[in-house]
Ligand code: SF4
């Protein structure tokens, strides 16, 4: 560990200050720490802002699936890839609200709605705003992910009462072009700016295990941690390889490297919810527990789990119980 890293981390911990001036070298040094030291730092950072025994439960519903014109190499919803996924139209407002009621009954406190668009059309936004108003009225926090937004669209969503907008950076600026060619990293940053300017909280993270190097994981965390304001939610996804996408069969990430990525996010953005997102289904209980110890404090329950017999949600409840973790607000 470098002296500079030790002193800056100590300063941040002693004051509880959030830093926005992380350097790539500092973040690379975090990744390189012996695991016990990294975990200790992550746990210390976690306790500055959160009760480490609490886990936020969010629910994600796809309100418009497939047929997306973007070419994200990991995504089965892209029209560029042949995954056999059936595209569907935007769901009716009432159907979405029925799912939201089920989510609330299952213990969710945030309801996220995702649409596979490059960017929403104005008539689509009318329906999405009605969904946001309806979900808010149920007493749930609202989050949507709709692709790129301009400033006026972000203002409309804010007017409907939107709490969070999800827009992931996916990976480092350098690796981004290997994953997506239909829009730029700057496009993503511009949407984040519009969301911030409208006063909406930001949910923004990335995906690891896409064949990127450690320097790209460092670059992703660095970009997030040096935004003018840290995203309030930082989802860290482990690639789920889907047959028919360009990333199918492209190898996998070493599990401890995933844990290191979570820990680096926690240390550099101690006031943010760090969400263990995609890929969790395939993780062992032990790996998930390590991720919680590294500072992850938010998980998704999938939407289908709420309306059908729900073995996965039950398995999650059992795991949280085994670990002595409780849902936020329970
Ligand atoms: S923009 Fe979203 S839905 Fe469309 S291909 Fe990319 S990740 Fe998939």
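Observations, loosely collected:
- Residue within region 80-98 that is in a loop (DSSP other than H, G, I, E, B), surrounded by 22 or more Cβ atoms within 10 Å (Cβ to Cβ) and more than 16 Å from the ligand (Cβ to nearest atom) present: no
- Selection from region 102-117 of residues that are more than 16 Å from the ligand (Cβ to nearest atom) and either over 30 Å from residue 80 (Cα atoms) or assigned to a loop (DSSP other than H, G, I, E, B) (or both): 102, 103, 104, 105, 106, 107, 108, 109, 110
Residues checked against (1) within 16 Å of the ligand (Cβ to nearest atom); (2) within 25 Å of residue 122 (Cβ to Cβ):
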residue: 136; (1), (2): no, yes
residue: 153; (1), (2): yes, yes
residue: 163; (1), (2): no, yes
residue: 173; (1), (2): no, no
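- Within region 151-181, the residues that satisfy the criterion of being within 30 Å of residue 247 (Cα to Cα) and surrounded by fewer than 19 Cβ atoms within 10 Å (Cβ to Cβ) are 173, 174, 177, 178, 181.
- Given (1) at pLDDT 95 or above; (2) farther than 30 Å from residue 23 by Cβ, index of the condition residue 293 fails: (2)
- Residue ID - farthest from the ligand (Cβ to nearest atom), chosen from residues in region 53-79 that are surrounded by 14 or more Cβ atoms within 10 Å (Cβ to Cβ) and farther than 30 Å from residue 175 by Cα: 54
- Count of region 60-109 residues which are at pLDDT below 85 and under 18 Å from the mean Cα position of the chain (by Cα): 2
- Residue check for residue 128: buried (at least 19 other Cβ atoms within 10 Å of the Cβ), assigned to a helix (DSSP H, G or I), within 16 Å of the ligand (Cβ to nearest atom) and at pLDDT 90 or above: yes
- Residue within region 25-45 that is exposed (fewer than 14 other Cβ atoms within 10 Å of the Cβ), farther than 30 Å from residue 288 by Cβ and modelled with pLDDT of 90 or more present: yes
- Taking the criterion of being in a helix (DSSP H, G or I), at pLDDT 95 or above and under 15 Å from residue 54 (Cβ atoms), the only residue of region 315-330 that qualifies is 323.
The values are calculated or read from the model by the stated rules, or taken from the named source; none is laboratory data. Quantities reported herein were computed from a predicted structural model and do not represent experimental measurements. We place every Cβ from the backbone using ideal geometry, glycine too, and count neighbours over all the protein chains shown.
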